[in-house]
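Student: This is the structure I want to talk about, given as structure tokens.
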Amino acid sequence: MPRPIWSGSIGFGLVTVPVKLYSAVERKTVRFHQLSAKTHHRVSQKRVDSQTDKEVSYEDIVKGYEIAPDQYVILEPGDLEALAPQKTKTIEIEDFVELSEIDPILYDQSYYLAPGAGGAKPYRLLLEAMRDTGKVAIARVVIRSKEQLVAVRPVREVLVMETMLFNDEVRVPEQLDEIPDTAEVKTTKRELDVAKQLVESLSGSFQAEKYRDTYREQVLELINRKAEGKEIAIEPAPAKHASAPDLMSALKASVEEAKKRNATKPKAKPKVKIEPKAKTKPKVKTEPKTKPKAQATTTGRTHKPAPASRKRVPAG
């Protein structure tokens, strides 16, 4: 059971929604420790003075901002404490915007927001209001003494909070010298048509479970085999595709390769929509009508049974 890493509330106008914050991701990175190659003992890191090589205790370390080579502005702990944002324990909503207006490059870290004690109804109210209007909340919150810009959005039946970068933290692509001017590079209609055909041949619905971290799986398999004392066989690298002579040939070859790959994929069975059966009255099983059999007499002859007499009902 995951534990909340923060608890507070969402400020929604005059409405307060108690919430708990949970991490929405679990990194699967394979982590290694640094060991001495001779003794296999853990290697520890120490803080040392770059000039004297003497170890510096944590209490004797101050913060310095470099304004020129080897020139620093020293900041004391009290200097930063005076500027620290006030810890309000509230996710203050400032605006509601369209999700399509937010560039995904601004997203940083994902969290789940769960309702706190007594917050189930206002939590549900906010979730359904944003889902029905298609809006995303932009808010500010202080976590670990740092003010964060966040986006809160409904995902299925839970609110997801995304910490965001500020606009001036994102580099503009115009800073890249390698990006050519659109006037310098021209493409033909034929090349564009073949490129679109390649895109269409590789198109499909996004399935997150389809993509796996194959490198991490191979590393863990290697570790397990070495732990069991098995020999490690290094497989040769796969052969590289021969480069096409020109762009059009490369596009056509890619289209053909995509067609072959799609042909080998198992076709998904079409979903059959089952219509509900109409209610019918149960059929009553009736016995077939048969004529009464003639009864045998002691003389061996048979006689037909007398017809049933009809009762007369007196008139009036």
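Matching residues to (1) loosely packed, with under 10 Cβ neighbours inside 10 Å; (2) under 23 Å from the mean Cα position of the chain (by Cα):
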site	(1), (2)
P154	no, yes
M164	no, yes
R171	yes, no
P180	yes, no
V194	no, no
S203	yes, yes
F206	yes, yes
R216	no, yes
L220	no, no
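Student: May I pose another question? Restricted to segment 108-119, and to residues that are modelled with pLDDT of 95 or more and either of a type in the set (A, V, I, L, M) or more than 26 Å from E26 (Cα to Cα) (or both), which residue is farthest from the chain's Cα centre (by Cα)?
Tutor: Filtering first and then ranking leaves A114.
Student: Could you grab me the full set of residues in segment 38-90 that are in contact with a strand residue (DSSP E or B) (Cβ under 6 Å, 6 or more places away or on another chain), within 30 Å of S7 (Cβ to Cβ) and outside any strand (DSSP E or B)?
Tutor: P85, K87, K89
Student: Test V150 against the criterion of being out of contact with any Phe, Trp or Tyr (no Cβ under 8 Å at 6 or more places or on another chain) and surrounded by 11 or more Cβ atoms within 10 Å (Cβ to Cβ), and give yes or no. Working first, answer last.
Tutor: Values: out of contact with any Phe, Trp or Tyr (no Cβ under 8 Å at 6 or more places or on another chain): yes; surrounded by 11 or more Cβ atoms within 10 Å (Cβ to Cβ): yes.
Taking the combined requirement at face value, the residue satisfies it.
Student: Between a residue in segment 77-88 that is closer than 16 Å to R144 by Cα and any residue that is outside any loop (DSSP other than H, G, I, E, B), which pairs come within a Cβ distance under 8 Å, given they are 6 or more apart or on different chains?
Tutor: L80/K63; P85/V142; P85/K146; P85/E147; Q86/V142; K87/V142; T88/G8; T88/V142
Student: Starting from segment 258-269, keep only residues that are at pLDDT 70 or above, then list their pairs with residues that are aliphatic (A, V, I, L, M) whose Cβ atoms are within a distance under 8 Å, requiring at least 6 positions of separation or different chains.
Tutor: A258/L198; A258/L202
Student: Looking at I67, I91 in this structure, which one is out of contact with any Cys (no Cβ under 9 Å at 6 or more places or on another chain), in contact (Cβ under 8 Å) with a residue 12 or more places away in the chain and β-branched (V, I, T)?
Tutor: Details: I67 fails: in contact (Cβ under 8 Å) with a residue 12 or more places away in the chain.
It is I91.
Student: With the requirement that a residue be part of a strand (DSSP E or B) and buried (at least 18 other Cβ atoms within 10 Å of the Cβ), what does segment 115-137 give you?
Tutor: Step one: of segment 115-137, the residues part of a strand (DSSP E or B) are 115, 135-137.
P115, V136, A137 - these are the residues of segment 115-137 that are part of a strand (DSSP E or B) and buried (at least 18 other Cβ atoms within 10 Å of the Cβ).
Student: Further, regarding this structure: Could you list all residues from segment 138-186 that are small (G, A, S) and outside any strand (DSSP E or B)? Working first, answer last.
Tutor: In the first step, residues of segment 138-186 are kept if they are small (G, A, S); the result is 139, 145, 151, 183.
Selection gives S145, A183.
The values are calculated or read from the model by the stated rules, or taken from the named source; none is laboratory data. Every value quoted in this text rests on a predicted model; they were computed, and no experiment measured them. We place every Cβ from the backbone using ideal geometry, glycine too, and count neighbours over all the protein chains shown.
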